[in-house]
Amino acid sequence: MIIAAIDSYLEVAPLAWRDAVVQWCPEPTQWLVHHLITIVAILAVFGTLFAFTPLAERKLLGRLQNRLGPNRSGLPWWQNGPKLWGLTQPFADAVKALTKEDIVPAAADKLLHFLAPVLIVAFSLLTFAVLPFGRHLVPVGLDAALLYFFAAGSATELAIFMAGWASRNKYSLLAAMRALAQVISYELPLILSVVPIVLIAGTLSLQDIVLAQGFWTFGFLPHWFVFTPWGFAGFLLFLVSALAESNRSPFDLPEAESELIAGHLTEYSGFKYALFFMAEYFGLTALSGLGVTLFLGGWQAPCAFLQFIPSWLWFMGKVIGMLLLFIWIRGTLLRLRIDQLTRLAWQFMVPLTLINLGNAAFWSLTAGWTGPLQLVRWGVSLAIIVIPFVLLGRRLSAGRHPRTYRYAAS
Amino acid sequence: MTFALIIISALILGCAAVAMALRNLIHSALLLIGSWAGVAAFYLWAGAEFVAFAQILIYIGAISMVVLFAVLLTRQGDAPEPVEFPSLSRFVTGLIAGGGVAGVLIGAILGMPFDVRTAQSAPALSVKELGAQLMGPHAVSLLVIGLLLTVALLGAVLLASDRRPDQPEDTP
Amino acid sequence: MLGSGIINGLIVTAKNFVGSYHDPKRMVTVQYPEERAKLPENYRNFPFLITENATDPMGTLRCVACQICEKECPPQCIYIEKSKDKKPDATGKPQLYPAVFAIDTSVCMSCQICVEVCPFDAIKMDQVFEVAATDRFTGLLLDREQLAKPNSYFHEIHPTDAAEVDTRLATERQAAEEKAKAAAAAKAAAAAKAAAPKAAVKPAAEGGPTA
Amino acid sequence: MSVSDLSSFTPSSGPTVRAVKDPFHGDLLEVSMGPQHPSTHGVFRMVVTLDGEVVVKLKPVFGYLHRNHEKIAENTTYLGSMPYTDRLDYLCSMTTNWAYALAVEKLAGQAVPDRAQYLRVILAEMTRLVNHSCLVGFLFNDLGTSFTPLLYAFREREKILDLFEALSGSRMMCNFQRFGGCRVDPTPEWLAAASRLVDNYPRFLDEYETMLTANEIMLARTQGIGILDAKLAVNAGITGPCLRASGYNYDLRKVDGYGFYPRFDFKVPLGAHGDTYDRYMMRILEMRESVKILQQAFRDLPGGPVMDPKAKIRGFRPKAGEAYGRIESPKGELGFYLISDGTPNPYRYRVRPPSLINLTLLEEMCLGHTIADSVVILGSVDIVLGEVDR
Amino acid sequence: MESLEQIRDRLLARFPGATVTLVTNPGVAAEHSLLLDAAHGAELALFLRDDPALQLDYCSNATGVDWPDKEITDVKKTTVPDPAGGAPKVVEEKTKHVEPGCLEAVYHLYSMALRHGPVVIRLRTANRSDQVKLPSLTPVWRSCDFQEREIYDLYGIVFEGHRDLRRLLMWEEFKDHPMRKDYVDPDDYEWEPTPHAAVLERAKAHYPVPPAATPPEAPKP
């Protein structure tokens, strides 16, 4: 009984606090205060998450590479006090980013140069408005939430172009073009890999999609979409295009381009550069939030009896898990070349997502099958997606396989 | 509610006007994109969420890129040649053309049966019904548009690919 | 299968990640200022001059300013000026000593050729690597006083090398002493012999007048 | 093959190079991947002319690290030049010392005891492990990983460098060989530690191979890139792993049989395609062969003196004459050509640098590839600027 | 592999116009070499590379050597009968004459195909001042490309027929050739407190000694 009480209280706690504050202020401003608090809450939670993600990245990469990662930045006023395992590193980075000199090149287009970082952070923050953080914690319950998410996400390209163009530097323009080519060519597989979810769930609203994943067979087998053949394939395709969309590891062509210096960020320094950095991490968090909502059951608990833990904890746990997965991939994989990247998008990802769409259609048509037919359904669904994957994979890496070597006779 | 409408229409018309007047081509292109955003805001005000987000996704996401690439690849930099006004005849022909188009547009709008004033209270159409409508009565027009887009896509691919005949498609 | 190579790579890095928590062999870095890696005994950085004891460093320098190391040093960074007078060294023989012995550590590449060619084991390699100086010109130009370190320090940093050098020097000193004693004894014997015939003559002379 | 057609030799098997000026292309972009560049392994500069992404012309520029090592050597004694040879190829100082000592011993007819010969083989093969693990780490850095393979390789390299430090006193500037043997006799503990390290070195190689050799992105980025034709390579004097990657069997350890190499049985790996992937695999397979040689060398290391008792440290005056000694350094054929006129200083001291001559065909290898590939091709050729510019 | 004499005779037979002489190496290594005359250098090299018996397809090393003008005082001992009928006296006349020096390019050729040892060939210029031209062997062996550019840069031998003869190591505007024996290196060093006075004096001529750093001549008592 008590657990249920606590659960219901914790579940609704953020809303209760907000309503308390709203009651407290005068009538005309209540509407405004209501929304302001939601915005401030989101910014606070994801702001600190953004602050600690680079630290987690550097420590995790360090551990991958047999070293410790940052653990030196203790407390500022306590000279040789405890080092706190480097937990105060984000504040040190923030101070560094703020105090660094912000150089604007003379020939740059001042207005666009200033507007680009502002726009890119604004657009990537907009996407947080529709993510269902908890059972009751949905900032804006839109009917076409998924479409809104992609609309806000796709506007970042405009900001990248403005950054590349405004720096008035040949390399940054070249790199901006390359970044646009990458983002545009991976938007199609991103959206197409999500369409099967809409087809099965029958709605564009994210809250309903999470609710559609809310059942457990035998109490501990969740009905998350990722545990279906088309769902798992969709999740992998979503993962790869999310990596490309947010310029992360195997596709970090524009920014880590050792040939074109720092891509469209070459002429930025100080706080503006930190803004671009922040936008990249917000975009990454938003995309992993969407991935969690669509494929991993959003705020649903993995097992029925675990539901007493508040739902927004589940959501945050899964998002952090996705971020760690991205960091892990960054610590291992090599970078693709620009033409291989675009070929992967058009010749491998797009056909696979279309086939996956067909697979989901087959899945929804055969929803009625029960008993042994269930196995047949799974088998056929698996076949529909695995066979093209193997064939396209073979075509993509035609003639490339690890070689065996002969030794000289003499 | 009309107060929001005034702001949105001011935004749309203002951006379009300034875009037309500016010398710097890139700035005017961006202002054009601003006015498209205004149109999206208008849809939101009118309660049609789906159309608004589609507008943002397509216009601001993709078509703006096409416009900016076109501007970049055709003109070198942002130094436009000065536009000269030599003769009255150029002014008159301009006026006639503008007047003709404006007349047709206003005639079409006034002739429409729906009542402009009560637009904002239209019933909020849910996405599911919208989908059903699209797939139901309007399926034919949807397929025609789809066909048109694929043809455009294939045309673009053909146009781009025959530029380098000797470059084999699958270089390592 | 397309992704198998990538998945193997991920598994290897995961093993390293997990290993870094429980497998000391994997964590190779050391927290420098607090923990210090143990330097191997043969480690060499900049040369230093050996003095017999710490009390009177300039008095008991082993170096006899023979300037072999100055000639043999590839980057020519040693500068020696002989002293005018002589002072007795450990074996008592009067030897010259360096009035000025400067090593320009900004030029020295610690190649230890000076140690190899020094016949008197007067210069050995130190193990100091924290030698930051504020001024490029005088900070790194070490003169005789800064270079001289007692033999006990040499035992501390190169135990086996120091022991071997000391035994060799001790045997040489004994040999020198025996030779000196033998020479002294021979001189005494010769003097005695010379004195003996004189004595023989003298008694004869005494015998003569008294007879 | 007459003179004319060789100089205009275009790589027939390489990617097609667009000769005709295509009207659609705008002006070419000349990029100077300058002395300060994250992936040119030191102060090396390539003036690259780009058509969009594709390299059309590539001119290497040298001389940023030129100290005129040969003029210095003419003004110091033979022994005085030995520490400078550490600074030539600062990744493998032991093999460079040995090459110089070999040339001077050939010049002066100096004998070397057996234990010193075995020790030289041991140290040379350990240096080969150090250099190849370095190269493989840097190659993956150029390919875009965020330092993970590089730090795995460095972890192994550090263990070997600690052994060098315990033996010669310095990790990279060993100054260890003398004319007639080695300077210090290794202690039994050192030998035990070294053979223990060598025994579990293959574990590191297996971890590397499972992690990266079958990686799809690695295959896509390196196979078929920077193809080097064997015949052209021989004519251009390319030696070492780059030549063997093109399938030409020429390893000085087998050809010259210098030192005690004929006593060890080891195999020489050969590539088939001569592209960047083959060059990478050559290094991995050569590391496995070096481990075999080391195990045999540790097993039957003889006793006896490490330095020829008659060898003189000071006043070393070889008779007038000249000699050319060469060894198989990890980068290729490293040679020393000495002319002596009876004085303690050499009259002419010439170093044959494998890194510089392996760059002769850099342009032919990079033509037709993108700029991202040219960085990887340069990485696979394995140059060290100390040796290139001397 | 046939001995150098046989190679020389086959070369002379094959190219009657060329002069090929054997240069003996007095050292222990006894690697003798063939001095080819500059005019026919390229054809001789091509023959060495293409001859089926030799197949010297790999030029390992191309080195520049500077032999400056040597002052030779040849002592002629003549026995002069003593007019006064005593024992004949030996009179030494020292006649000093200057033997003209030359710049030399030494090539070490190996055969990778037949795996046999070095054949060393030398090409010498007429003198060290104006006639410093030699035929370039880069068209024959591509490996001499950078090495000949280095010899041109450090010794000043101009190689005709080289694909792209530019300075390899020094910057383009550098005038002199550093590796020549009579090269005087510029003395505008930055001031250094190296105890050796020679460097100090030369540096002082160019740079005022910074007041703060007193040179170590005045040793502390």
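A few points about this structure:
- P(r) tail, region E:57-170: Cα-Cα pairs separated by more than 25 Å, 44% of all pairs.
- Angle in degrees between helix C:4-22 and the longest Cα principal axis of chain C, rounded to the nearest 10: 50 degrees
- Checking the cross-link pairs E:K76/E:K181; C:K149/D:K312; C:K82/C:K149; C:K181/D:K310 against a 23 Å limit on the alpha carbon distance flags E:K76/E:K181; C:K149/D:K312; C:K181/D:K310 as lying beyond it.
- At q = 0.06, 0.08, 0.11, 0.12 Å⁻¹, base-10 log of I(q)/I(0) for chain D (Debye sum, equal scatterers on each alpha carbon): -0.24, -0.43, -0.80, -0.94
- Å³ per residue enclosed by the Cα convex hull of chain C: 236 Å³
- Rg/Rh for region C:1-72, where both radii come from Cα atoms and Rh is the Kirkwood radius: 1.41
- Theoretical FRET efficiency, 1/(1+(r/R0)^6), r = Cβ-Cβ of A:V390 and D:R203, R0 35 Å, to 0.05: 0.60
- Across chain A, the relative contact order, built from alpha-carbon pairs under 8 Å that are at least six residues apart, equals 19 percent.
- What the phi angles of region A:273-285 give under the Karplus curve with 6.51, -1.76 and 1.60, with θ = phi - 60°, is a coupling list of 4, 4, 4, 4, 4, 5, 4, 4, 6, 4, x, 5, 5 Hz, glycine and proline written as x.
- Over the protein assembly as shown: Rg over Rh, Cα atoms, Kirkwood Rh: 1.07
- Å³ per residue enclosed by the Cα convex hull of region D:46-120: 147 Å³
- Counting only other chain Cβ atoms within 10 Å of each residue's Cβ, the peptide A:137-147 averages 3.
- Electrostatic dipole magnitude of the protein assembly as shown [Cβ: Lys, Arg +1; Asp, Glu -1; Cα centre; debye, to 20]: 2140 debye
- Farthest positive-ward along region D:306-390 dipole, Cα basis, beta-carbon charges - from D:G342, D:L378, D:C366: D:G342
- Farthest towards the positive end of the charge dipole of the protein assembly as shown, among the residues E:V20, B:H138, A:L294, is the Cα of E:V20, using unit charges on the Cβ of Lys, Arg, Asp and Glu.
- Simple spin-label estimate for B:A46 and B:I96 in nanometres, 7 Å along Cα-Cβ: 3.4 nm
- The fewest-to-most ranking of A:E11, D:E363 by surrounding Cβ atoms within 10 Å reads D:E363, A:E11.
- All lysines inside 19 Å of D:K159 as judged from Cα atoms, apart from same-chain residues fewer than 8 positions distant: C:K25, C:K38, D:K292
- For region C:173-190, putting each phi into the Karplus relation 6.51 cos²θ - 1.76 cosθ + 1.60 with θ = phi - 60° gives couplings of 5, 4, 4, 4, 5, 4, 4, 4, 4, 4, 4, 4, 4, 4, 4, 4, 4, 4 Hz, in residue order, rounded to whole numbers and with x for Gly and Pro.
- Loop-located trypsin sites (Lys or Arg not before Pro) in region E:53-116 (DSSP state not H, G, I, E or B) with no more than 15 neighbouring Cβ atoms inside 10 Å: E:R115.
- Cα gyration tensor, region D:54-173 - rounded (a/c under 1.5), prolate or oblate: oblate
- Counted by neighbouring Cβ atoms within 10 Å, the residues A:S269, D:S340 run from fewest to most as A:S269, D:S340.
- Positive-end residue, the protein assembly as shown charge dipole about Cα centroid, Cβ charges, pick of A:S193, A:G399, E:L165: A:G399
- Under 19 Å of direct C-alpha separation, and excluding same-chain neighbours fewer than eight residues apart, E:K96 reaches these aspartates and glutamates: E:D69, E:E71, E:D74.
- Neighbour cut-off at most 15 other Cβ (10 Å), DSSP loop, trypsin sites (Lys or Arg not before Pro), region C:62-165: C:K84, C:K86, C:R136
- In summary, the lysines within cross-link reach of D:K57, defined as a Cα separation below 20 angstrom excluding same-chain residues under 8 places away, comprise A:K170, D:K21.
- Helical mean residue ellipticity (222 nm; -39500 (n - 2.57) per DSSP H run of 4+; nearest 500) of the protein assembly as shown: -16000 deg cm²/dmol
- Rounded to whole numbers, the Karplus 3J(HN,Hα) couplings from phi for region A:146-153 are 4, 4, 4, 4, 6, 4, 5, x Hz, using 6.51 cos²θ - 1.76 cosθ + 1.60 with θ = phi - 60°, and x at Gly and Pro.
- Cα radius of gyration and Dmax for region A:135-246 (Å): 17.8, 62
A short reminder: the numbers here are calculations on the coordinates, not readings from a lab. Keep in mind that what you see is a predicted model, and the values were worked out from it rather than measured. Positions of Cβ are backbone-derived with ideal geometry, glycine not excepted, and every protein chain shown enters the neighbour counts.
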